[in-house]
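> My structure is below; once you've seen it, I'll send some questions.
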Amino acid sequence: MMSHSKKAAGFSLIELMVVMAIMAIVMGLTGGLVTKAVDQQTRQVELQKVRQLFKRLSYQAYYSGFPINVRMQGSEITITVNQQVSSMQFEQLVFSPNDYLVATNSLVTPNSYKILRPDTIQEYKLESMFTPYEN
């Protein structure tokens, strides 16, 4: 009787460990890029929320007849309308401290806000509900 020796099929433990090590290195290199992209996208969404907030407050002040006070400080915006206070927290944005007035004619003063970044300060314009007509 002739015996056939079967060679074991599959991967050895060392081969599996090498593949896992390579995958860990690749994941480590790309993981930082992914979190940076997610943070940047979150920051863009929050900037859009600020624009929409001031636009909504302009309409609210215009149609209600009450001026609105807004305070930006740290990562929080505090809104005071007719002695009612509400606030919004932001995850990525840090504001330069400033107070804003949304007048009943929908104009916001001052008309820009600043975001503090680790290396720079970025300024963004606030658009009013109505654009002034120029000849």
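> Please specify each residue of segment 36-78 satisfying the condition of being touching a Lys or Arg at 6+ places or on another chain (Cβ under 8 Å) and of a type in the set (A, V, I, L, M, F, W, C).
The one that is touching a Lys or Arg at 6+ places or on another chain (Cβ under 8 Å) and of a type in the set (A, V, I, L, M, F, W, C): Ile77.
> State whether one or more residues within segment 90-106 are closer than 28 Å to Pro118 by Cα and among the hydroxyl-bearing types (Ser, Thr, Tyr).
yes
> Would you point out which residue out of Glu76, Glu123 is among the charged types (D, E, K, R), under 24 Å from Thr42 (Cα atoms) and open to solvent by less than 80 Å² (accessible area, probe 1.4 Å)?
So the residue among Glu76, Glu123 that is among the charged types (D, E, K, R), under 24 Å from Thr42 (Cα atoms) and open to solvent by less than 80 Å² (accessible area, probe 1.4 Å) is Glu76.
> Just for segment 92-135: of the residues that are within 18 Å of the chain's Cα centre (by Cα) and among the hydrophobic types (A, V, I, L, M, F, W, C), which one is modelled with the lowest pLDDT?
Within segment 92-135, the match that is modelled with the lowest pLDDT is Leu126.
> Right, next: Can we say Ala37 is small (Gly, Ala, Ser), modelled with pLDDT of 90 or more and either closer than 23 Å to Ser128 by Cα or exposed (fewer than 11 other Cβ atoms within 10 Å of the Cβ) (or both)? Spell out the reasoning first.
On the way: small (Gly, Ala, Ser): yes; modelled with pLDDT of 90 or more: no; either closer than 23 Å to Ser128 by Cα or exposed (fewer than 11 other Cβ atoms within 10 Å of the Cβ) (or both): yes.
Criteria not met by Ala37.
> Under the condition of being more than 12 Å from the chain's Cα centre (by Cα) and free of Cβ contacts under 8 Å to residues at least 24 places away in the same chain, which residue from segment 40-59 is most open to solvent (accessible area, probe 1.4 Å)?
For segment 40-59, the residue satisfying everything is Arg56.
> Do you know which residues across segment 52-91 are out of contact with any strand residue (DSSP E or B) (no Cβ under 9 Å at 6 or more places or on another chain) and either part of a strand (DSSP E or B) or at pLDDT below 90 (or both)?
Scanning segment 52-91 gives Gln83, Gln84.
The values are calculated or read from the model by the stated rules, or taken from the named source; none is laboratory data. Since this is a predicted model, take the numbers as computed values, not measurements. A quick note on method: Cβ atoms are made from the backbone with ideal geometry, for glycine too, and the neighbour counts reach across all protein chains shown. Note: areas computed on protein heavy atoms with side chains; ligands, DNA, RNA excluded. Shrake-Rupley method; radii C 1.70, N 1.55, O 1.52, S 1.80 Å.
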